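Accompanying notes for the structure given below.
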Amino acid sequence: MSSLEQNDDDKRYCANCIHCKTVRVPLGDGRNYQLRIRCEAGQWKKKLGEEKLHKYFTVSRRDASECPCYETMGDSEEFIRELKKTLPIKDEVYSPTNS
Ligand code: SF4
């Protein structure tokens with residue numbers, strides 16, 4: 001491994017950070033919703049400064065290696081491996097009866 005490559009054990013993901021939270025965003029009449037992730041430390045911003053939410057199914061791809069606010073929740077490698085098994089592959093619509 002070259003010195004530029006990062007060992008898997010050293011990789012940091014937002015999904016494994018204490019500030020990464022899953023939220024429900026209501027759709028239409030409010031009965032259905034989609035899942036989004038938000039950074040409670042306020043690190044995700046749009047160009048004009050308002051908070052940016054990301055789609056839940058992308059959470060395992062959020063790289064936290066440059067984030068100054070990262071706080072680990074434990075073993076990242078194992079956690080991300082298990083998370084990838086359960087994540088939807090696209091932006092799903094949920095209703096209270098199938099959640
Ligand atoms: S942007 Fe930083 S503080 Fe926010 S969830 Fe990711 S690692 Fe955590």
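Would a scan of region 52-63 turn up a residue that is within 30 Å of Thr97 (Cβ to Cβ) and either more than 13 Å from the chain's Cα centre (by Cα) or among the aromatic types (Phe, Trp, Tyr) (or both)?
yes
Go through region 10-36 and give me each residue that's touching a strand residue (DSSP E or B) at 6+ places or on another chain (Cβ under 9 Å) and part of a loop (DSSP other than H, G, I, E, B).
Lys11, Arg12, Ile18, His19
So which residues in region 43-65 are of a type in the set (Gly, Ala, Ser) and more than 14 Å from the ligand (Cβ to nearest atom), if there are any at all?
Scanning region 43-65 gives a single hit, Gly49.
Contact list please: Cβ distance under 7 Å, first residue in region 17-28 and on the phi < 0 side of the Ramachandran plot, second residue of a type in the set (Gly, Ala, Ser) and near the ligand (Cβ under 7 Å from one of its atoms), pairs at least six apart or on different chains.
Qualifying pairs under 7 Å: Cys17/Ala64; His19/Ala41.
Quick check: is even one residue across region 76-87 of a type in the set (S, T, N, Q) and surrounded by 13 or more Cβ atoms within 10 Å (Cβ to Cβ)?
yes
Being polar (S, T, N, Q) and in a loop (DSSP other than H, G, I, E, B) is the filter here, so list the residues in region 45-65 that pass it.
The answer is Ser65, and nothing else.
Could you check region 32-42 and list, in sequence order, the residues that are closer than 18 Å to Pro88 by Cβ and either away from the ligand (no atom under 14 Å from the Cβ) or of a type outside the set (A, V, I, L, M) (or both)?
Asn32, Tyr33, Gln34, Leu35, Arg36, Arg38
When the residues of region 66-89 are filtered to those that are more than 13 Å from the ligand (Cβ to nearest atom) and part of a loop (DSSP other than H, G, I, E, B), which remaining residue is modelled with the lowest pLDDT?
If we take residues in region 66-89 being more than 13 Å from the ligand (Cβ to nearest atom) and part of a loop (DSSP other than H, G, I, E, B), then Asp75 is modelled with the lowest pLDDT.
The values are calculated or read from the model by the stated rules, or taken from the named source; none is laboratory data. From a predicted model like this one, the values you see are computed outputs, not experimental measurements. With ideal geometry, Cβ positions are generated from the backbone for all residues, glycine too; neighbour counts draw on all protein chains shown.
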